[in-house]
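To start, the structure itself, in structure tokens.
The values are calculated or read from the model by the stated rules, or taken from the named source; none is laboratory data. Quick caveat, the model's predicted, so the values are computed rather than measured. So basically every Cβ, Gly included, is an ideal-geometry build from the backbone, and we count neighbours across all protein chains shown.
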Amino acid sequence: MAENYIVLKYRDGVRTITINRPEKKNAISLSMYQTISNVLNEDAANDKVVVTILTGSGSYFTSGNDLKGSLSQEIPVKDSLNVVKTMIDAFINYPKLLIAVVNGPAIGIGATMAALCDIVYATNKAVFDTPFVKLGLCAEAASSFTFPHALGRSKASEVLLLNYKLSAQEAYQFGFISNIIPHSSLNKFINNLHKHGTIPVKSLTRNKQLIMANYKPVLYESINREMEQLFECMASEEFSNAILKFLDKKSKL
């Protein structure tokens with residue numbers, strides 16, 4: 001089923017990964033995390049792939065983790081967290097150019113995994129939303145580092161702790177994203193990115209390695225701390241109460 005929800009394309013040195021579950025606002029299930037991890041890890045060793053573009057279909061980039069689906073599977077918390085961590089590791093270790101094209105709201109893991117990409121573009125309909133605190137959770141995917149690093153401590157704290165929703169315009173002003181794309185030009189913009197598939201792959205990977213050498217240690221330290229806290233959060237009463245409210249709200253829709 002994850003294969004249907006993750007659409008893969010390859011053309012002229014460029015891999016496109018599209019999150020394709022619009023009926024669920026592109027919520028990401030555990031099997032979808034695994035599929036993305038596998039694709040990145042396989043393409044890392046494939047010199048034909050120079051650039052990878054991550055985007056979403058429909059109106060959302062992704063509404064984040066499929067909480068309802070994860071809970072229904074009754075998978076141990078540590079196991080589900082490990083699946084997510086495997087994908088995060090794949091993002092950090094990916095040696096080629098990784099570009100997020102955020103086509104709409106990026107919620108939770110959608111916002112935090114975008115921050116792990118080398119370049120982030122977003123349409124004017126994008127918004128970055130991290131509702132961790134109100135769900136009884138904590139920062140994830142190294143966002144306890146990437147957000148303050150990109151936004152500054154004050155704005156990052158407003159986003160992560162107060163659930164302030166960062167608009168595309170603000171994200172651009174703070175340097176969180178590289179540019180804003182008119183939503184009507186999204187497909188044309190993605191198509192134009194294929195010109196970067198001709199970049200010499202060895203030169204690209206050497207230069208990215210130099211950049212990431214400064215980031216990898218602190219990213220992994222952040223992730224390890226976050227994972228410990230997430231495990232504690234998901235065993236807490238605050239999280240249980242938040243999930244009950246979340247499921248009750250869903251049942252009334």
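Descriptive notes on the structure:
- Considering the range 12-49, and only residues there that are in a helix (DSSP H, G or I) and of a type in the set (Val, Ile, Thr), the residue that is surrounded by the most Cβ atoms within 10 Å (Cβ to Cβ) turns out to be ILE36.
For every residue, the table says whether it meets (1) free of Cβ contacts under 8 Å to residues at least 60 places away in the same chain; (2) of a type in the set (Ser, Thr, Tyr); (3) farther than 21 Å from VAL201 by Cα; (4) in contact with a Lys or Arg (Cβ under 8 Å, 6 or more places away or on another chain).
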residue: VAL14; (1), (2), (3), (4): no, no, no, no
residue: ASN20; (1), (2), (3), (4): yes, no, yes, no
residue: LYS24; (1), (2), (3), (4): yes, no, yes, no
residue: THR35; (1), (2), (3), (4): yes, yes, yes, no
residue: GLU42; (1), (2), (3), (4): yes, no, no, no
residue: ALA45; (1), (2), (3), (4): yes, no, no, no
residue: LEU54; (1), (2), (3), (4): no, no, no, no
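- The residues on offer are MET212, MET227, and the sole one that is farther than 21 Å from VAL133 by Cα and of a type in the set (A, V, I, L, M) is MET212.
- Residue identified as in contact (Cβ under 8 Å) with a residue 12 or more places away in the chain and of a type in the set (A, V, I, L, M) among LEU161, LEU210, LEU244: LEU161
- Test: residue in the range 180-201 that is crowded, with 21+ Cβ neighbours inside 10 Å and closer than 27 Å to ASN224 by Cα: no
- Residue in the range 189-199 that is in a loop (DSSP other than H, G, I, E, B), modelled with pLDDT of 95 or more, under 30 Å from ARG11 (Cβ atoms) and in contact with a helix residue (DSSP H, G or I) (Cβ under 7 Å, 6 or more places away or on another chain) present: no
- Hey, VAL84 under 13 Å from the mean Cα position of the chain (by Cα), modelled with pLDDT of 95 or more, part of a strand (DSSP E or B) and closer than 26 Å to ALA126 by Cα or not: no
- Checking each residue in the range 118-158 for being in contact (Cβ under 8 Å) with a residue 60 or more places away in the chain, within 13 Å of the chain's Cα centre (by Cα) and part of a loop (DSSP other than H, G, I, E, B) picks out ASP118, ALA139, GLU140, ALA141, ALA142.
- Being over 19 Å from ILE107 (Cα atoms) and touching a helix residue (DSSP H, G or I) at 6+ places or on another chain (Cβ under 6 Å) is not true of LEU186.
- Residue under evaluation ASP79, criteria (1) touching a residue at least 40 places away in the same chain (Cβ under 8 Å); (2) of a type in the set (Asp, Glu); (3) surrounded by fewer than 23 Cβ atoms within 10 Å (Cβ to Cβ), criterion not met: (1)
- Residue satisfying condition, being in a helix (DSSP H, G or I), within 19 Å of the chain's Cα centre (by Cα), at pLDDT 95 or above and within 21 Å of ALA100 (Cα to Cα), within set LEU204, LEU186, LEU210: LEU186
- Flag for PRO105 being crowded, with 20+ Cβ neighbours inside 10 Å and closer than 20 Å to ALA141 by Cα: yes
- The listed residue being surrounded by 13 or more Cβ atoms within 10 Å (Cβ to Cβ), of a type in the set (A, V, I, L, M, F, W, C) and at positive phi, out of ALA142, ALA168, ALA150: ALA142
- Restricting attention to the range 81-107, the residues that are within 12 Å of LEU230 (Cβ to Cβ) and in contact with a strand residue (DSSP E or B) (Cβ under 9 Å, 6 or more places away or on another chain) total 1.
- Residue in the range 214-222 that is among the polar types (S, T, N, Q) and either surrounded by 12 or more Cβ atoms within 10 Å (Cβ to Cβ) or part of a helix (DSSP H, G or I) (or both) present: yes
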